[in-house]
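Q: Pasting in a structure now, in C-alpha cells, and then I'll have a few things to ask.
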Amino acid sequence: MKFYLVSLAVGLLVGCIYALLGVRSPAPPAIALIGLFGMLVGEQAVPIAKRLISGEPVTVSWFRSECVSRISGVTPPPAPADNKAGHDRAA
C-alpha cells in the first residue's frame, strides 16, 4: 500500500510541476519520454551518492552492472563462468 501512496504523491508533485511549466497533461510524447528517462537516470543518483559517501569507487564496470540495466531495462548478459576445472579447454 505504501508504494501506491508514494506513487500518488509523486504523481501529484509532477502534475504541479507540469502546471508551473505550462505543459498539459498528459504531456506530449517527447516531453513525457524525456521526463521518464530523467526519472530513471535520477533514480541512479542515490546508489552512486551512497557509494561515494562510503568511500567506494564508482567504476565503469560497477555502473554497467548496477545502473545501466535499470536505466535501459535490458538485463546484462551473465558473466562468463570461471572454468577452473579446464574441461572445455582446447588441448
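Q: Run down A30, A90 and say which single residue is surrounded by fewer than 10 Cβ atoms within 10 Å (Cβ to Cβ), modelled with pLDDT under 80, closer than 23 Å to S7 by Cα and among the hydrophobic types (A, V, I, L, M, F, W, C).
A: A30
Q: Filter the range 41-54 for residues that are more than 18 Å from the chain's Cα centre (by Cα) and not in a helix (DSSP H, G or I) and give the result.
A: Hit for the range 41-54 is S54, nothing else.
Q: OK, next. Which of (1) at pLDDT below 85; (2) part of a helix (DSSP H, G or I) does D82 not meet, given it meets every other one?
A: Of the numbered conditions (1) at pLDDT below 85; (2) part of a helix (DSSP H, G or I), the odd one out for D82 is (2).
Q: Which one is nearest to C67 (Cα to Cα) among residues in the range 11-33 that are among the small types (G, A, S) and part of a helix (DSSP H, G or I)?
A: Filtering the range 11-33 for residues that are among the small types (G, A, S) and part of a helix (DSSP H, G or I), the one nearest to C67 (Cα to Cα) comes out as A32.
A quick yes/no check of all residues on (1) in a helix (DSSP H, G or I); (2) open to solvent by less than 100 Å² (accessible area, probe 1.4 Å); (3) of a type in the set (S, T, N, Q); (4) at pLDDT 85 or above:
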{"position": "A9", "(1), (2), (3), (4)": "yes, yes, no, yes"}
{"position": "G35", "(1), (2), (3), (4)": "yes, yes, no, no"}
{"position": "M39", "(1), (2), (3), (4)": "yes, no, no, no"}
{"position": "P57", "(1), (2), (3), (4)": "no, yes, no, yes"}
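The values are calculated or read from the model by the stated rules, or taken from the named source; none is laboratory data. Not measured: the values here are computed from a predicted model. All Cβ positions, glycine included, derive from the backbone under ideal geometry; neighbour counts span all protein chains shown. All accessible areas refer to the heavy atoms of the entire protein, side chains included, with ligands and DNA or RNA removed. Shrake-Rupley method; radii C 1.70, N 1.55, O 1.52, S 1.80 Å.
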